[in-house]
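Engineer: This is the structure, below, for whatever I ask next.
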Amino acid sequence: NETTYFHSANAEYDLHLAPVDQLAAWVCAVSQVYFQYDDLLYNEWRERVYLNLLEQAAEAAQQSRVLAFRQLPQAWATQRPYRRGHDATPDENYAVYRRRRFDKFLQNRLDALPVAQKNWVQETYAARLEQELLLSSCQLPSVARGVVPFSDLKSHSSSRPTSASAAG
């Protein structure tokens, strides 16, 4: 994907880069990813956990068929930025920009939930984050860690909101 976009951007902007300049561009891109890797992994983890929790909360609130909660991972995938957009501020790198865009996506859905489910999502996320921080402090350096697949998060759900909590 990146290679295709790189070459299409060269053609679009009528750039004729020497092979050494192309190599320099790739080295620059790799170094940016390397230095943002921890933030990128955190974004992936955070997005997957929140999407999973939103699905559970919507189901408990009997809103899983509401358009805002249908196929949440796919909905985010269609909106997820793959580069900094025109609305990025100068101090935002890609990871910070992506997080801001996800926060907007997330907030729109949280606002559509009943208060009980909204609170459950936020509290459960905070508990999982704390647990992840404790676990990660005992593991390999962050660049060596991977991302937990979305399906694994569903199977490790500790507590789900109940429809009774939606009432009150």
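The values are calculated or read from the model by the stated rules, or taken from the named source; none is laboratory data. Keep in mind it's a predicted model, so treat the numbers as computed, not measured. Reconstructed Cβ throughout: ideal geometry from the backbone, glycine too, with neighbour counts over all protein chains shown.
Engineer: Here's a check for you: in region 93-112, which residue that is at pLDDT below 95 and either part of a loop (DSSP other than H, G, I, E, B) or among the polar types (S, T, N, Q) (or both) is farthest from VAL30 (Cα to Cα)?
Structural biologist: Within region 93-112, the match that is farthest from VAL30 (Cα to Cα) is ASN108.
Engineer: Right, another one. Go through (1) of a type outside the set (S, T, N, Q); (2) buried (at least 18 other Cβ atoms within 10 Å of the Cβ); (3) modelled with pLDDT of 95 or more one by one and return the number of the condition GLU123 breaks.
Structural biologist: (2)
Engineer: Restricting to region 32-86, and then to whatever is of a type in the set (Val, Ile, Thr) and not in a loop (DSSP other than H, G, I, E, B), can you tell me which residue is surrounded by the most Cβ atoms within 10 Å (Cβ to Cβ)?
Structural biologist: VAL49
Engineer: Here are ALA144, ALA68, ALA116: which of them is of a type in the set (A, V, I, L, M, F, W, C) and modelled with pLDDT of 90 or more?
Structural biologist: From the options ALA144, ALA68, ALA116, the qualifying one is ALA116.
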